[in-house]
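The block underneath contains the structure these notes are about, expressed in C-alpha cells.
The values are calculated or read from the model by the stated rules, or taken from the named source; none is laboratory data. These numbers were taken from a predicted model, which means no experiment stands behind them. Please note: Cβ atoms are built from the backbone with ideal geometry, for glycine as well, and neighbour counts cover all protein chains shown. Side chains included, ligands, DNA and RNA excluded: accessible areas come from the protein's heavy atoms. Shrake-Rupley method; radii C 1.70, N 1.55, O 1.52, S 1.80 Å.
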Amino acid sequence: MRIAWLSPLSLASLLALSSTLHAEPAAPVAPASPPAAAPTGNTAIIPVGKLEKDMYDWDQRHAAILAVKDQVKPQVVLIGDSITHFWAGPPNEPRGNRGKEAWAATFGDLPVLNLGFGWDRTQNVLYRIQQGELDGLIPRLVVIHIGTNNLAGTKNARANTPAEIAEGVGAIVDRVHEKCPDAAIVIMSVFPRGEKPDNTYRVKIKEINEHLVPLGKRNGVTLLDLTSKLTNPDGTISRDVMPDFLHPGEKGYAIWGEALKPHLPKH
C-alpha cells in the first residue's frame, strides 16, 4: 500500500484551517461614535470679532480707534453699539454725529473717546477690549450701554436670553476694571425700543435691566435707567426722542447727556 506524505506546506495549511474553524468568534465591531455635540454655553461672554455687516467698516473703525486713542487721552470713554456710535466724538463717524449738540453740551472740552460700534453685541465688545482698545488709557469714567443687539438672532449669532446678556455686561465691567482700575463705571440700563409699550422687545429689555441691578451695587459702579425719561407717560416713544424708536435723535441724546453730567469728572 502506498502512503501519501503531506508536504510541510500542505500540513501548515491544514493546521491554519483547523485553527480558523475552532477559533473564538470575532468580537462585534463597535458602532461609530455619534458626532460631537456643538459647544454650548453663553455666547454673550465669548469674545468674537465682527459678526454683522453694517453701514460702516467694522475693522477700519477698530483700527482708527487704536490709532487715535492715545492722542485723545480720554478722561471719559463710551462703550456700546450703534446707539453710542451715532452720538458724536472721535473717531468721527461721517454718517453719525446725530447728537453733536448734546455731545458738546454734555462734555464740553472734556476729552472723550467713543467706542460705540453699530450692530455690536456684548461678545464683540469683549473682543475689542481684548484686542487693545482700552490698553494704556487712564479714563476717570467709563460709560457702558450694550445688549439690545444680543436679542436678535441671525445666521451669525443666536439670540441671547436676558440673563445671558446681563452676564455679558458683567463680563465687560470686569474687563474694564482690569484695564482701567481707577475709572468709575456707569452702566446704562438698556434703552427702550419699539414705539409702544407692548412691543415684544420691551418685555425682554425690562428683564435684562432687572438682571443688571446687582451690577449697579458693585463698588465704583452706578446703574442709570433712563426708561421713564425716554418714554411718554403712556409708555410710548416719540419720534423726536428716537426717530426710528431705537436710536436717539438730538433730543434723545440730550436726555442721556443730562443724566451723565453729575457723573462726569470735574476739571
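Descriptive notes on the structure:
- Restricting segment 54-69 to residues that are surrounded by 12 or more Cβ atoms within 10 Å (Cβ to Cβ) and not hydrophobic (A, V, I, L, M, F, W, C) leaves a set whose member that is nearest to T154 (Cα to Cα) is D54.
- Residues of segment 202-217 classified as touching a residue at least 24 places away in the same chain (Cβ under 8 Å) and touching a strand residue (DSSP E or B) at 6+ places or on another chain (Cβ under 9 Å), total: 3
- For segment 153-172, a residue qualifies if it is under 12 Å from the mean Cα position of the chain (by Cα), within 28 Å of V241 (Cβ to Cβ) and open to solvent by less than 40 Å² (accessible area, probe 1.4 Å), and the qualifying residues are N160, I165, A166, G168, V169, I172.
- Within segment 177-218, tally of residues that are closer than 26 Å to G132 by Cβ and open to solvent by 40 Å² or more (accessible area, probe 1.4 Å): 7
- Residues satisfying the stated conditions in segment 85-112, i.e. buried (at least 24 other Cβ atoms within 10 Å of the Cβ) and outside any loop (DSSP other than H, G, I, E, B): H85
- D54 being at negative phi and either in contact with a helix residue (DSSP H, G or I) (Cβ under 7 Å, 6 or more places away or on another chain) or part of a helix (DSSP H, G or I) (or both): no
- When the residues of segment 233-245 are filtered to those that are farther than 24 Å from V186 by Cα and over 23 Å from the mean Cα position of the chain (by Cα), the one that is least open to solvent (accessible area, probe 1.4 Å) is G235.
- The set of residues from segment 219-232 being surrounded by fewer than 15 Cβ atoms within 10 Å (Cβ to Cβ), more than 14 Å from W256 (Cα to Cα) and of a type in the set (S, T, N, Q) comprises N219, N232.
- Across segment 201-258, the number of residues qualifying as among the hydrophobic types (A, V, I, L, M, F, W, C) and over 19 Å from I83 (Cβ atoms) comes to 3.
- Selection of segment 189-215 for residues being aliphatic (A, V, I, L, M) and assigned to a loop (DSSP other than H, G, I, E, B) yields only V190.
- Out of K266, K229, K251, sole residue that is part of a loop (DSSP other than H, G, I, E, B) and either free of Cβ contacts under 8 Å to residues at least 40 places away in the same chain or over 22 Å from the mean Cα position of the chain (by Cα) (or both): K266
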